[in-house]
Amino acid sequence: MLLCVCGGSCYASPRQALRHQRTMHITNRFAFTSSDSADAISAREALEARYGSAPVEEADVIVALGGDGFLLQTLRETMGSGKKIYGMNRGTIGFLMNEYQLERLEERIAAAVPDTIRPLEMNAVTTSGEVHNALAINEVALWRQSYQTAKIRIAVDDQTRLEELSCDGVMVATPAGSTAYNLSAHGPILPLDAPLLALTPVSPFRPRRWRGALLSNRSTVRFDILEADKRPVNAAADHTEVKAVATVTVRESPSQTATLLFDPSHSWNERILAEQFRY
């Protein structure tokens, strides 16, 4: 990191020194990564030519270029490393991304607002007894594998809350994932710093009026698949899928974290508010 060691004393006037203090900033080492789309690759090459690029393991900030899916992949790959991730949209929707600009990257990152992401831990046991563990930044989702509805018992912190949910599926979503699959299933949008998880059904048949629940992020949710042989169910932690599950346990990770950087003018909370007032 580079800093002027004069503290502003090398300037001829207090006004020059003040201007120096206002414009002086820490220069971070950036690593640029991109999805395999032509737009993302072109943006990465332009940024590398402009700012240089450090290896990911040596970088202070990883600039991820692509869409939300690529950003989530980057977060999973760097989870627990302490690296900060600054996404710029070169994909389709880019809800988690900042606007792409070639200019003033150092200033934008220096002014960016950090938000801490905690993933979900999924422990899935299959009908044959295999155990699978995976992390999910968006959601852990279960859905029926056949034409028949799934039948699932739901317990929260070892207390059964629904003896039998007949549905196409059900999920536990993080605040970061609340605007993804959860939103399309009519689940609630959660502010990124909310200490909550969204428990949301997909096409519930019985009880027909149950629309889900908001849970503390300290809760542990257990799904037991009823009639698992007749009504098989798959589970997925983001893109990690496990077929024919018997039991799935979900909780927020107590130790794994990742840090996302957002432009102050386009913060996550502002996007959440804007999304809730769309019509």
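The values are calculated or read from the model by the stated rules, or taken from the named source; none is laboratory data. This is a predicted model, so every value here is computed, not measured. Methodologically, a virtual Cβ is constructed for each residue, glycine included, from the backbone with ideal geometry; neighbour enumeration extends over all protein chains shown.
A few comments on the model shown:
- Inter-residue pairs, beta-carbon under 6 Å, first hydroxyl-bearing (Ser, Thr, Tyr) and in the range 215-234, second surrounded by 15 or more Cβ atoms within 10 Å (Cβ to Cβ), 6+ apart: SER219/VAL156; THR220/ARG251
- Counted residues, the range 237-254 - those being surrounded by fewer than 18 Cβ atoms within 10 Å (Cβ to Cβ), in a loop (DSSP other than H, G, I, E, B) and modelled with pLDDT of 90 or more: 4
- When the range 227-236 is filtered for residues that are of a type outside the set (Lys, Arg) and surrounded by fewer than 17 Cβ atoms within 10 Å (Cβ to Cβ), the ones remaining, listed by number, are GLU227, ASP229.
- Residues in the range 92-116 that are at pLDDT below 90 and surrounded by fewer than 21 Cβ atoms within 10 Å (Cβ to Cβ): THR92, ILE93, GLY94, PHE95, ASP115, THR116.
- Residues (over 19 Å from the mean Cα position of the chain (by Cα), closer than 18 Å to THR220 by Cα and surrounded by 13 or more Cβ atoms within 10 Å (Cβ to Cβ)) located in the range 124-139: ALA124, VAL125, HIS132
- Residue in the range 101-108 that is assigned to a helix (DSSP H, G or I), more than 26 Å from ARG251 (Cα to Cα), in contact with an Asp or Glu (Cβ under 7 Å, 6 or more places away or on another chain) and in contact (Cβ under 8 Å) with a residue 12 or more places away in the chain present: yes
- One residue alone among LEU183, LEU261, LEU197 is under 13 Å from ASN138 (Cα atoms), assigned to a strand (DSSP E or B) and under 23 Å from the mean Cα position of the chain (by Cα), and that residue is LEU197.
- Members of the range 29-80 found to be more than 14 Å from the chain's Cα centre (by Cα) and assigned to a loop (DSSP other than H, G, I, E, B), listed by number: ARG29, SER35, ASP36, SER37, GLY52, SER53, ALA54, PRO55, ALA59, ASP60
- Residue list for the range 174-186, filter: more than 14 Å from LEU72 (Cα to Cα) and either surrounded by 24 or more Cβ atoms within 10 Å (Cβ to Cβ) or not assigned by TED's automatic domain parsing to the domain that holds GLN148 (or both): ASN182
- Selection of the range 146-160 for residues being in contact (Cβ under 8 Å) with a residue 40 or more places away in the chain and loosely packed, with under 15 Cβ neighbours inside 10 Å yields SER146, GLN148, ASP157, ASP158.
- A single entry from VAL125, VAL172 fulfils the requirement of being under 29 Å from LYS84 (Cα atoms) and touching a residue at least 40 places away in the same chain (Cβ under 8 Å): VAL172.
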